[in-house]
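This report refers to the structure that appears directly beneath it.
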C-alpha cells in the first residue's frame with residue numbers, strides 16, 4: 001500500500017525524462033509540462049503490484065476537473081478500473097493542510113478486467 005501527499009501542481013516535474021521513460025509509467029497519457037500531479041499519480045499506479053497493489057494520494061481539486069491531457073488520463077484510469085474511489089477530506093483534517101483536499105484511491109485489478 002502506498003499513501004502519498006506529493007507536491008501540488010509541481011511545475012518542471014521532469015517532462016523531458018518522462019518522454020523517454022523506458023518503464024512505461026505514462027502509458028495512460030503524458031501530464032502537462034506545468035502540472036505534475038498526474039506524473040506522481042501515474043508513477044504510483046504503474047508501480048503497484050498486480051492484483052494486490054493499492055495506493056491512496058492526496059491531490060488538489062484541479063486533478064478532478066482539469067480537461068485536456070489530464071481529462072484523458074482520468075478517463076483512462078476509470079476505463080481500466082484503476083480508480084476505486086475519490087474521498088473528500090474536510091477542511092483542517094490535519095495541521096499540515098488548511099483547506100480541504102480530495103483523496104484518490106486506486107487498486108491494481110485482475111488483468112482480465114483491463
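Just so you know, all these numbers are worked out from the coordinates, no wet-lab data involved. What you are looking at is a predicted structure, and each value in this text was computed from that prediction instead of being measured.
Averaging Cα coordinates gives a centre for region 8-33 and one for region 43-68; these two points are 14 Å apart. Fully extending the segment from residue 10 to residue 89, taken as 0.36 nm per residue of separation minus the present Cα-Cα distance, adds 26.3 nm.
Roughly how large, in nm² to one decimal, is the mean projection of the convex hull of the alpha-carbon atoms in region 2-113?
Details: hull surface 28.0 nm².
Over all viewing directions, region 2-113 projects a mean Cα-hull area of 7.0 nm².
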